[in-house]
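Input: a single structure, listed below in structure tokens.
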Amino acid sequence: MVTQVHPLIKPTNDLANEPLLKVEDLKAYFFMDEGIVRAVDGVSFDVMPGKVVGIVGESGCGKSVTMKAILQILESGAKIVNGKVTLRSRVHHGDPNSAEELIELTHLHPNSRQMRRIRGAEIALIPQEPMAAFSPVHTVGNQIMETILLHQDVSKKEARQIAVDVFRAVGISMPEQRIDSYSWQLSGGLRQRAIIAMALSCNPRLLIADEPTTAIDVTTQAQILKLLRKLQEERQTSIIFITHDLGVIAQMADEVVVMYLGMVMEKGSAMKIFKDAQHPYTQALLRSIPSVQSHSRVKLPTIAGSIAHPFNRPKGCPFHPRCTHFMRGVCDAAQPHLVEVDEDHFVNCFLYSEADGAKLMDKIETAPPVEKSL
Amino acid sequence: MSDGMQPLMPKAAASAKPPLLEVRHLKKYFPIYKGVLRKMVNQVRAVDDVSLFVREGETLGLVGESGCGKTTVSRCILRAIDPTSGEIQFREADGKVTDLAPLDRSELRRFRPQMQMIFQDPFGSLNPRMTIFEIVSEPLYVNGMRSKSEREDHVAELLRLVGLRTEYMARYPHAFSGGQRQRIGIARALALNPRLVVADEPVSALDVSVQAQVLNLMLDLQQKLNLTYLFVAHDLSVVKHISDRVCVMYVGKLVEMAATEELFQSPRHPYTAALMMAVPRPDPSSRDIIQDLPGEVASPANPPSGCYFHPRCQYATEVCRTQTPELREITPDHFVSCHRAEELQLAGIKVNQEQQL
């Protein structure tokens, strides 16, 4: 096998304060007959070791494509056109005490040996649909063992033992028996646990959970969220948690990245995003969701219009046609940039000065929601 | 029908509006066949003795996890499927009450225009080969409005009502976003001036920012047209938002029915309380409040003995394992099917005042 350009950019020792994963100005476009879809258009965020980063956004905001670009598993037709994804990788995968190196994932060929070793061993994926993720003609145990045998130097018997252990760790009762069942024999909650078990089987340091609870019921969802939080604390795994559900994000994430039409609109700690949102989109989104804690039959303030079609992206700030703070000649002319408005709190909006993040207008003061009882 | 069929109407609510719809002891069992002789070996008790009522002009939310039978209840009410047993009492505009359950197709025809449905999937429920005009006007045509110009006027009015431009009439569904399609589905449901609208998960396929638009539209239309909604959904916050009263279902049974605020603030059934504690709230400072419910939803083909919830219930006693609780009214207008409803002190959800400011 021909070795690629060596991606090692910095040798080991002093990485303790470095993020586990650093995404910088990532752009992934779909080149289609109808035109170019800028699915991810300049996304930057860091994932610190042992932290949960929540990526929240509505359909078409590019949250799933970002994840696929990181893992380099984009569909054909889609390409990373710009940006850097740097991973603090262990030299010996699976060994928690192994020395570390910085690897630029964007420099690796998607099919290269190194990229394939990283997938599953360093970065694991929990996909959205547990029914589609497992093959129906192999037992779940065999599929988990396949991952283990691929990434670790163990015998088949040991691999089975690891699979049983990880089944037990995710709270599946009778793991020795359940491991020999097929995915369609398991209930929704168990299947989701089995997927998590598979993702954890090689001790990855970064988990990407793509809408892991959207297909399951609330009481099961609560079980899975609790499990993920427990595993995350025990193993100090970092998680990128992708969802459209603001409630789930609030429960899980330390840091939140709010995306809209391929761009980061706002990012910061969960507390700042939920208690002190600064971007008009985040504010409007938070006001428009019904909550179990609000009064019933009160009209919700809404966001006008609907999400633009990807072929038909608005010029300038992608949110401007729906924004209540739209400034003619500014928002529709150029794209805003992320500015730091507070410590570790970034907003992508012209309402904030690029120089110091100061609010340029006071009219952004949160307008009270229309409270019209019916 | 058996002797135990008492009307469910609350004693104290005689002054309240009469029920538009009253369902009594509704059952729907689906048979499971096996072997070459297709012998029936078991039954799935999708709906197992459900009684509920919907007052005129109100919204009744029907909430539960997948497989609890909420959709089957709504389909039985619309007589899209035939119930196994039970009564579906429907009150017509002139006050005449008819049981829909035993009626056949031709007898039901008279009632069909009065009960309409809004579907879950706005992409699957509109025929891609029909224009918006054809979709919305079809019920009018079927029910005897043959003049095209008359139908056009009517459709234009309906589109304006749901907030769509009338020029859209000649377009096909693919040209519309999810929220707009759902508006088209609502316009079609309203074409015949129904009195009862059954909405089965009408916003669950929509984006968060569009959900609020559709919910507001439904509230508006209800006020304007004096509609009665049966709102079926799995999302508690959406149900709380739109409903006057809420029913909670678990494995084919109704476990609790009460006014919305009452149900959320002081649930009396352990399942209702557990369901509410499991909802993730959009507030990072309330992280530890979220509690999970151990175990899995029971199978309606092989339900547990006694109360179906007892294997997961932390308050279960001997009586819960052996006797199936009946739905009863413990305080006016608050119905619960739990043996221990009176003695249990269950935590509800307080309304967050701060969020309302």
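The values are calculated or read from the model by the stated rules, or taken from the named source; none is laboratory data. This structure is a prediction, so every number in the text was calculated from the model and none was measured. Heads up, the Cβs are rebuilt from the backbone with ideal geometry, glycines too, and the neighbour counts pull from every protein chain shown. All accessible areas refer to the heavy atoms of the entire protein, side chains included, with ligands and DNA or RNA removed. Shrake-Rupley method; radii C 1.70, N 1.55, O 1.52, S 1.80 Å.
In this structure the amide hydrogen of residue B:44, modeled in the peptide plane, comes within under 5 Å of the amide hydrogens of B:30, B:32, none closer than 5 places in sequence on its chain.
Please report the antiparallel percentage of the DSSP beta bridges confined to the protein assembly as shown, to the nearest 5.
Numbers: 71 of 108 bridges.
If we restrict to bridges inside the protein assembly as shown, about 65 percent are antiparallel.
Here each label is just a point 7 Å from Cα along the line to Cβ, and for residue A:184 and residue B:108 those points are 3.1 nm apart. Determine the shape class of the range A:118-181: with a ≥ b ≥ c the square roots of the Cα gyration tensor eigenvalues, call it rounded for a/c under 1.5, and otherwise prolate if a/b is greater than b/c, oblate otherwise. It comes out rounded by the Cα gyration axes.
Per residue of B:292-303, what is the mean number of Cβ atoms on other protein chains within 10 angstrom of that residue's Cβ? Mind dumping the intermediate values first?
Details: counts 10, 6, 3, 4, 8, 6, 0, 1, 0, 0, 0, 0.
If you average over the peptide's residues, the count of other-chain Cβ atoms is 3.
Can you work out the accessible area per residue across the range A:118-191, with the rest of the protein chains kept in place, probe 1.4 Å, in square angstrom?
Working: 3650 Å² over 74 residues.
Ligands and nucleic acids excluded, the result is 49 Å² per residue.
The apolar share of the surface of the protein assembly as shown, taken as the fraction of accessible area on carbon and sulfur atoms (1.4 Å probe, ligands and nucleic acids excluded), comes to 50 percent.
Quick check on my link table: of A:226/A:272; B:70/B:240; A:51/A:267; B:27/B:70, which ones sit more than 19 Å apart, alpha carbon to alpha carbon? Table pairs above 19 Å Cα-Cα are A:226/A:272. Only Cα pairs under 8 Å and 6+ residues apart enter the sum, and on that basis the relative contact order of chain B stands at 19 percent.
Helices in chain B, meaning DSSP H runs of at least 4 residues, each add -39500 (n - 2.57). Divided by all residues, the mean residue ellipticity at 222 nm is -8000 deg cm²/dmol.
Contact residues in the range B:226-244 (at least 40 Å² less accessible area with all protein chains than alone, 1.4 Å probe): B:237, B:240, B:241. Backbone amide hydrogens, once placed in the peptide plane, bring residue A:342 within less than 5 Å of nothing, excluding anything fewer than 5 places away on its chain. For the pair A and B, how large is the buried accessible area, both sides, in square angstrom to the nearest 100, if the probe is 1.4 Å? Summed over both sides, the interface buries about 4800 Å².
Test of understanding: what is the full-extension gain from residue A:18 to residue A:31, defined as 0.36 nm times their sequence separation minus their Cα-Cα distance?
On the way: separation 13, 0.36 × 13 = 4.68 nm, distance 3.40 nm.
Full extension of this stretch gives 1.3 nm more.
Per-residue mean of foreign Cβ neighbours for A:249-255 is 4 (Cβ atoms of other chains, 10 Å radius). Label the range B:148-239 by shape, choosing from rounded, prolate and oblate, from the square roots a ≥ b ≥ c of the eigenvalues of the Cα gyration tensor; if a/c is under 1.5 it is rounded, and otherwise prolate applies when a/b is larger than b/c, oblate when it is not. In terms of gyration-tensor shape, oblate. Contact order for chain A, expressed relative to its length and based on alpha carbon pairs under 8 Å spaced 6+ residues apart, stands at 18 percent.
Residues whose amide H lies under 5 Å from that of residue B:62, counting only those 5 or more places away or on a different chain, are B:231, B:232, B:233, B:247; hydrogens are built 1.01 Å from N in the peptide plane.
Could you tell me the calculated FRET efficiency between residue A:337 and residue A:59, based on Cβ-Cβ distance and R0 = 22 angstrom, to the nearest 0.05?
That gives a FRET efficiency of 0.30.
Going from the isolated chain to the complete set of protein chains, the range A:26-60 loses at least 10 Å² of heavy-atom accessible area (1.4 Å probe) at A:58, A:59.
Accessible area per residue for the range B:39-81, computed on protein heavy atoms with a 1.4 Å probe, is 30 Å². Counting only DSSP beta bridges whose two residues both lie in the range A:165-274, roughly 55 percent are antiparallel.
How much length, in nm to one decimal, is gained on full extension between residue B:344 and residue B:94, taken as 0.36 nm per residue of separation minus their Cα-Cα distance? It would help to have the intermediate numbers written out before the result.
Values: separation 250, 0.36 × 250 = 90.00 nm, distance 4.34 nm.
Extending this stretch completely gives an extra 85.7 nm.
Provide the packing ranking of B:39-48, A:61-70, i.e. peptides ordered by the mean count of other C-beta atoms within 10 Å per residue, highest first.
Final packing ranking: A:61-70, B:39-48.
Taking every DSSP beta bridge that has both ends in chain A, the antiparallel portion is near 65%. Normalising the average separation of contacting C-alpha pairs (under 8 angstrom, six or more residues apart) by the number of residues puts the relative contact order of the range B:212-304 at 18 percent. Each residue of the range B:158-170 was assigned a 3J(HN,Hα) from its phi angle through the Karplus expression (A = 6.51, B = -1.76, C = 1.60, θ = phi - 60°), giving 5, 5, 4, 4, 8, x, 10, 6, 5, 5, 5, 3, 8 Hz with x at Gly and Pro.
Around residue A:167, what is the net charge, scoring Lys/Arg as +1 and Asp/Glu as -1 over all other residues with Cβ under 14 Å from its Cβ? Walk me through the numbers on the way to the answer.
On the way: positive: A:160, A:168, A:178, A:191, A:193; negative: A:165, A:176, A:180.
Taking every Cβ under 14 Å from that of residue A:167, the sum is +2.
Using alpha carbons only, how many angstrom separate the centre of the range B:19-65 from the centre of the range B:208-268? Their Cα centres are 19 Å away from one another. Using a probe of 1.4 angstrom and keeping all protein chains present, the accessible surface of the range B:213-344 works out to 34 square angstrom per residue.
Could you sort B:260-272, A:28-40, A:113-125 so that the peptide with the highest average Cβ count within 10 Å comes first and the rest follow in order? Spell out each step's value before the answer.
Working: B:260-272: 22.7, A:28-40: 16.9, A:113-125: 20.0.
The most tightly packed comes first, giving B:260-272, A:113-125, A:28-40.
Couplings 3J(HN,Hα) for the range A:143-156, derived from phi with the Karplus relation 6.51 cos²θ - 1.76 cosθ + 1.60 (θ = phi - 60°), are 6, 6, 4, 4, 4, 5, 5, 5, 9, 10, 8, 10, 7, 4 Hz, where x marks Gly and Pro. Averaged over peptide A:221-228, the number of partner chain Cβ atoms lying within 10 Å of each residue's Cβ comes to 4. Each stretch of four or more DSSP H residues adds -39500 (n - 2.57); spread over every residue of chain A, this sum gives -8000 deg cm²/dmol at 222 nm. About the centre of its Cα atoms, the protein assembly as shown shows a dipole size close to 1640 debye [charges on the beta carbon of Lys, Arg (+1) and Asp, Glu (-1) only; nearest 20 debye]. In order along the range B:122-130, the Karplus-derived 3J(HN,Hα) couplings, from 6.51 cos²θ - 1.76 cosθ + 1.60 at θ = phi - 60°, round to x, 8, x, 9, 10, 5, x, 9, 10 Hz, and Gly and Pro are given as x.
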